[in-house]
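Following: one structure in structure tokens, then a few remarks.
The values are calculated or read from the model by the stated rules, or taken from the named source; none is laboratory data. In this text the structure is predicted, and so the values were computed from the model without any measurement. Here the Cβ positions follow ideal geometry from the backbone for every residue, glycine too, while neighbour counts run over all protein chains shown.
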Amino acid sequence: MNRVAAALASGVLLLGLAAHGRDRVESWITATQLPPLLTTPAVEVRARDGSLLRALAVEDGRMRLALHLDETDPQFIEMLIAYEDKRFYSHDGVDKRALVRAVAQAARHGKIVSGGSTLTMQVARLLENSGTGSVRGKLRQIRLALALERRMSKDQILTLYLLHAPYGGRIEGVRAASHVWFGKEPRRLTRAESALLVALPQAPESRRPDRHPGAARAARDRVLARLGYSREPKQADVPHRMQPFAQSAPHLAAYLHAADPVALRHDTRIDPRLQQQMEALARRAVTGQAVGVSAAIMVADHTNGDVLAYVGSPAYSARDGALGFVDMTRALRSPGSTLKPLIYGLAFDRGLVHPDTLINDAPVAFGRYAPQNFDGVFRGMLTVRDALTLSLNIPPVVLTHELGPAHLMAGLKRAGTDPVIPSGAPGLAVALGGVGLSLQDLMQLYAGIARGGQARPLTITAADSASGGARIMSDVAAWQVTHILSNITPPKGSAARAGEIAYKTGTSYGHRDAWAIGFDGRHVVGIWLGRPDGTPVPGAFGGDLAAPILFEAFGRIGPKPVPLRSPPPDTLIAGTARLPQHLRVFRSRTAAFAPDPQRPQVRFPPDGAVLRSSEDGVPLKFEAGTLPLTVLINGAPVMTTLRRREAVVHPETKGFARIAVIDAKGRSDSVLIRLD
């Protein structure tokens with residue numbers, strides 16, 4: 001009977017107010033202390049098309065989304081007012097006619113037959129979280145409703161209702177309810193959906209469609225019937241479960257909120273379809289991997305700098321020991337071999353080498369530092385193009401020695417990266433990954449190479465500036481690097497063909513990080529796999545783990561890669577023999593190459609010999625080395641299975657010729673002769 005008593009008391013109060021003078025009533029209303037009216041909605045992260053990517057819950061885990069009246073279907077507003085408070089725009093907060101009717105019915109029947117609460121009174125109850133069954137609570141709602149009407153417009157009061165109305169569980173407000181129950185914004189509600197959302201706040205738990213579908217259906221149909229809408233023959237049933245709330249890009253949301261804790265909305269450049277595709281790909285990438293292995297994926301449009309997908313881990317949890325809360329797009333890791341394209345590009349710009357310059361892949365020492373190739377094999381003389389394609393370690397270290405490690409670090413900073421050197425001073429080990437960089441840093445670097453050597457900041461939000469950016473390398477050097485990387489054989493099973501995607505893989509020391517970074521004519525994609533805690537993943541190689549994921553990512557971006565750039569007009573495209581003399585063979589000024597006593601040696605002709613051309617050809621004599629031998633002239637093989645240590649070759653033209661021999665173990669020697 002408490003609710004009945006409350007209804008009767010409300011009627012008595014109205015009579016009492018009427019008996020008092022108008023001035024005393026106004027003074028009583030004016031003295032009302034209002035509860036806090038500032039409503040804190042969830043922080044929203046939105047995609048480039050305005051759709052919701054993720055919302056951060058407010059206090060007590062409740063989900064309440066910001067809302068303006070013009071973002072709600074007008075039909076829903078009309079139905080709400082017609083059903084709940086048809087004189088909303090004419091009363092002063094209390095509908096006296098409705099309240100008197102409710103009191104009379106309660107007195108006659110001994111129970112509540114019809115409600116007398118206005119939308120304003122319901123807002124008062126929601127703001128103070130007060131019940132409706134006590135006399136004190138009802139009286140407070142009336143007073144507060146009258147005060148609200150004096151200080152707020154009708155639209156402001158209606159907006160408060162739409163923000164606070166309960167819709168079951170921890171869902172507050174019509175916009176959050178529309179997402180949870182129908183998976184869409186409230187501006188697109190159907191008539192039946194609007195009717196359900198009108199009915200739910202009166203009994204949000206006992207009418208929850210997922211738990212009490214019959215009660216929800218009946219309440220919805222009562223709303224439709226009272227408003228004069230006939231039931232449609234194929235009217236949709238009520239939803240039987242809550243839709244998963246938009247929860248994409250959790251690491252991006254956390255980063256944006258930490259960077260600007262006051263902002264309630266972050267408009268990003270993320271492509272929502274691509275984001276979901278990459279999140280699914282990250283989950284698939286770690287399926288079947290060792291315990292604790294995580295993955296990170298980024299996609300950007302290097303033509304304008306927009307970040308289109310941002311995946312910090314496969315799952316935003318600590319499940320399976322993968323430390324999914326750690327954003328691995330920002331974590332500092334060793335980049336392994338992924339810096340080699342930058343080294344070669346800087347060397348091309350300095351005129352140290354050309355893609356078809358011969359360079360020696362042989363044992364070398366710089367004081368106590370003696371780099372080794374990943375497989376422990378030395379290939380001897382080969383072109384720079386092949387050295388990058390094979391991802392050999394000796395040539396880029398030698399080139400870094402010539403450039404100077406500081407020059408390499410300057411190139412990284414021009415690209416817009418933020419490299420960290422543990423020791424503080426860069427050394428030659430930087431060339432092979434001895435520097436801390438993040439996936440975002442590598443994306444920034446490769447985007448600059450893809451843009452013809454011109455850096456441009458990657459942008460995540462609409463407020464980020466994409467202007468500025470230094471030149472990393474010349475457009476010619478960038479094209480030369482791109483051309484080499486695009487002709488690396490794609491992983492087995494890839495739909496892409498050689499020449500379509502320029503990419504590089506990398507594996508850090510101890511198999512802690514597996515990388516693959518690549519680009520076509522528009523998109524740059526970065527893949528990282530490993531353990532966030534830095535423990536090794538035995539057998540993890542960038543080429544085996546990350547490269548297939550990279551090409552699958554490109555396949556999900558579109559049916560075919562965007563064509564790469566054509567060579568700039570001033571690009572020198574020539575084989576080794578046609579290069580200027582100083583570019584045919586790279587000779588380090590200071591690198592101390594250690595001779596291998598077991599390597600093959602060219603005993604005749606001696607290095608620098610001048611021979612007369614003859615129809616009989618040039619006789620060759622070799623010493624040491626493991627058979628069979630391969631003989632090359634100016635980088636082109638002329639014998640591949642030589643099983644003796646003597647041979648005769650016939651150079652096609654007079655002039656200088658580089659004669660090289662490679663044994664079965666990849667060791668080599670060469671001499672430069674001149675034929676007159």
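Here is how the numbers come out for the structure above:
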{"item": "Qualifying residues in the stretch 181-195 (those that are among the small types (Gly, Ala, Ser) and more than 29 Å from the chain's Cα centre (by Cα)) - the one farthest from Gly168 (Cα to Cα)", "result": "Ala192"}
{"item": "Residues that are in contact with a Lys or Arg (Cβ under 9 Å, 6 or more places away or on another chain), of a type in the set (A, V, I, L, M) and either more than 30 Å from Gly367 (Cα to Cα) or not in a strand (DSSP E or B) (or both), drawn from the stretch 428-450", "result": "Ala431, Leu432, Leu439, Ala447, Ala450"}
{"item": "Residue in the stretch 396-407 that is among the charged types (D, E, K, R) and without any contact (Cβ under 8 Å) to a residue 24 or more places away in the chain present", "result": "no"}
{"item": "Output for the stretch 190-206, where each listed residue is within 19 Å of Asp85 (Cβ to Cβ) and part of a loop (DSSP other than H, G, I, E, B)", "result": "Ala203, Pro204"}
{"item": "Matching option when the condition is surrounded by fewer than 24 Cβ atoms within 10 Å (Cβ to Cβ), in contact (Cβ under 8 Å) with a residue 40 or more places away in the chain, within 27 Å of Leu408 (Cβ to Cβ) and touching a Leu at 6+ places or on another chain (Cβ under 6 Å), among Ile527, Ile484", "result": "Ile484"}
{"item": "Answer residue from the stretch 633-660, given it is among the hydroxyl-bearing types (Ser, Thr, Tyr) and at pLDDT 85 or above and is surrounded by the fewest Cβ atoms within 10 Å (Cβ to Cβ) among those", "result": "Thr641"}
{"item": "Residue match in the stretch 129-144 (condition: crowded, with 22+ Cβ neighbours inside 10 Å and either modelled with pLDDT of 90 or more or within 27 Å of Glu193 (Cα to Cα) (or both))", "result": "yes"}
{"item": "Failed condition for Leu564, given (1) outside the structural domain of Glu623 (by TED's automatic domain parsing); (2) under 30 Å from Leu642 (Cα atoms)", "result": "(2)"}
{"item": "Residue pairs meeting the criteria (Cβ under 8 Å; at least 6 apart or on separate chains; first on the phi > 0 side of the Ramachandran plot, in the stretch 620-640; second among the polar types (S, T, N, Q))", "result": "Ala624/Gln598; Ala624/Gln601; Gly625/Gln598; Gly625/Gln601; Asn634/Thr576; Gly635/Thr383; Gly635/Thr576"}
{"item": "Within the stretch 661-674, considering residues that are small (Gly, Ala, Ser) and either closer than 18 Å to Asn360 by Cβ or in contact (Cβ under 8 Å) with a residue 40 or more places away in the chain (or both), the one surrounded by the most Cβ atoms within 10 Å (Cβ to Cβ)", "result": "Ser668"}
{"item": "Scope the stretch 457-473; condition crowded, with 18+ Cβ neighbours inside 10 Å and in contact with a helix residue (DSSP H, G or I) (Cβ under 8 Å, 6 or more places away or on another chain); matching residues", "result": "Leu458, Ile460, Thr461, Gly469, Ile472, Met473"}
{"item": "Top-ranked residue in the stretch 277-292 [being touching an Asp or Glu at 6+ places or on another chain (Cβ under 9 Å) and not in a helix (DSSP H, G or I); ranked as surrounded by the most Cβ atoms within 10 Å (Cβ to Cβ)]", "result": "Gly292"}
{"item": "Residue identified as touching a Gly at 6+ places or on another chain (Cβ under 6 Å) and farther than 21 Å from Leu358 by Cα among Leu550, Leu545", "result": "Leu550"}
{"item": "Residue that is over 30 Å from Pro35 (Cα atoms) and among the basic types (Lys, Arg), where the choices are Arg207, Arg269", "result": "Arg269"}
{"item": "Odd one out for Asp49 among (1) in the same structural domain as Ile171 (by TED's automatic domain parsing); (2) of a type in the set (Asp, Glu); (3) at pLDDT 90 or above", "result": "(1)"}
{"item": "Selection from the stretch 214-253 of residues that are exposed (fewer than 15 other Cβ atoms within 10 Å of the Cβ) and closer than 30 Å to Ala280 by Cα", "result": "His240, Arg241, Gln243, Pro244, Gln247"}
{"item": "Any chance Thr461 is more than 23 Å from Pro335 (Cβ to Cβ) and in contact with a His (Cβ under 8 Å, 6 or more places away or on another chain)", "result": "yes"}
{"item": "Search result, residues across the stretch 373-386 that are free of Cβ contacts under 8 Å to residues at least 40 places away in the same chain and in contact with a helix residue (DSSP H, G or I) (Cβ under 8 Å, 6 or more places away or on another chain)", "result": "Asn373"}
{"item": "Residue that is nearest to Thr268 (Cα to Cα), among those in the stretch 453-476 that are at pLDDT 95 or above and touching a Pro at 6+ places or on another chain (Cβ under 8 Å)", "result": "Asp475"}
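Conditions (1) farther than 24 Å from Gly416 by Cβ; (2) in contact with a His (Cβ under 8 Å, 6 or more places away or on another chain); (3) at pLDDT 95 or above, marked per residue:
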| residue | (1), (2), (3) |
| --- | --- |
| Arg269 | no, no, yes |
| Gln275 | no, no, yes |
| Ala280 | yes, no, yes |
| Met298 | no, no, yes |
| Asp301 | no, yes, yes |
| Ser317 | yes, no, no |
| Leu339 | no, no, yes |
